[in-house]
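Everything on this sheet refers to the single structure shown next.
Bear in mind these aren't lab numbers, they're just calculated from the coordinates by the rules spelled out. Every value quoted in this text rests on a predicted model; they were computed, and no experiment measured them. Don't worry about glycine lacking a Cβ; one is built from the backbone with ideal geometry, like all the others, and counts go over all protein chains shown.
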Amino acid sequence: MPGFETNRFVNLEVIDGLIDELRCSICMNIYETAVQTCCGHNFCYGCLKQWIQSNGDRKECPECRQLLSSRKRSNSDNNNTIIISSDVVVDKNSKLNAIIGKLKIRCDYEWNGCSLVMALESLSAHLKECPHRLCPTCCLNVGPSREQHNCIDQLKNEMNNWRNRFLETEQKLKEMLVENNELNRQVMSLQNRVKPYIKNRVI
């Protein structure tokens with residue numbers, strides 16, 4: 001589900017009422033890529049997209065039910081403009097996203113031993129390098145919670161991935177051998193065609 005769970009942030013409750021200002025009314029979590037509709041309401045981009053796609057032809061604001069602006073992207077649109085489901089126009093809320101980006105958040109792998117707290121805008125870079133992203137038992141990537149990681153299932157998936165990669169490589173090798181044989185055949189044919197000319201050539 002889009003949005004960041006509020007309990008992952010540090011000291012968010014210190015500023016009275018801040019959580020309510022930063023909470024998406026669809027998922028009830030802190031905005032993840034906040035976008036603003038033509039009627040001035042904010043939602044997570046992922047939440048609004050899911051809402052629009054599940055609502056069929058009636059594309060309306062989840063908050064006030066006003067019809068959302070509907071048009072194709074034009075040259076006047078800026079980098080903040082986003083088109084959802086081919087015709088609903090919304091804008092990234094840059095100020096709101098900047099504020100949320102400064103909030104302190106716990107690492108996704110806190111459950112696996114990471115104690116670091118960082119600005120949300122630094123989280124994605126940290127997750128790529130976090131040593132706690134690996135399971136100490138199977139040494140494979142873990143999920144965002146203990147319940148989502150099963151060493152046996154992970155090892156089975158990893159084994160299947162390697163098997164599939166081996167089969168793909170084996171198939172490519174067979175194709176390359178066939179191609180190589182065909183090239184050799186063409187070279188031999190060409191050599192046989194030029195042999196009489198070479199043989200009769202006067203030096």
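Miscellaneous remarks
- Normalised by residue count, region 150-203 yields a Cα convex hull volume of 52 Å³ per residue.
- Of the residues Val35, Ile99, Cys151, the one whose Cα sits farthest toward the positive end of the charge dipole of the chain, with +1 on the Cβ of Lys and Arg and -1 on the Cβ of Asp and Glu, is Cys151.
- For region 1-148, the spherically averaged projection of the C-alpha convex hull amounts to 10.6 nm².
- Placing R0 at 45 angstrom, the Cβ-Cβ distance between Trp162 and Val10 gives a FRET efficiency of 0.70 after rounding to 0.05.
- Working note: Karplus 6.51/-1.76/1.60 with θ = phi - 60° gives region 87-96 the couplings 8, 8, 9, 9, 10, 4, 8, 4, 5, 5 Hz, where Gly and Pro are set to x.
- Full extension of the chain between Gln148 and Ser85 gives 19.6 nm of extra length, using 0.36 nm per residue less the Cα-Cα distance.
- In the chain, a dipole from Cβ-located charges (positive for Lys and Arg, negative for Asp and Glu) runs towards its positive end, and of Trp111, Gln191, Val10 it is Gln191 whose Cα lies farthest in that direction.
- Rounded to 10°, Cα long-axis angle of helix 120-129 versus longest principal axis of the chain: 30
- Tail weight of P(r) past 12 Å, computed on alpha-carbon pairs of region 107-148, percent: 55
- MRE, 222 nm, helices only [DSSP H, n ≥ 4, -39500 (n - 2.57), over the chain, to nearest 500]: -13500 deg cm²/dmol
- Protection proxy ranking of 182-188, 28-34 - average other beta-carbon atoms within 10 Å, highest first: 28-34, 182-188
- Test item: Cα-centred dipole of region 6-102, Lys/Arg +1 and Asp/Glu -1 on Cβ, debye: 340
- For region 129-174, alpha-carbon Rg over 2.2 N^0.38 Å: 1.47
- Cβ charges +1 (Lys, Arg) and -1 (Asp, Glu), total dipole of region 107-148, debye: 120
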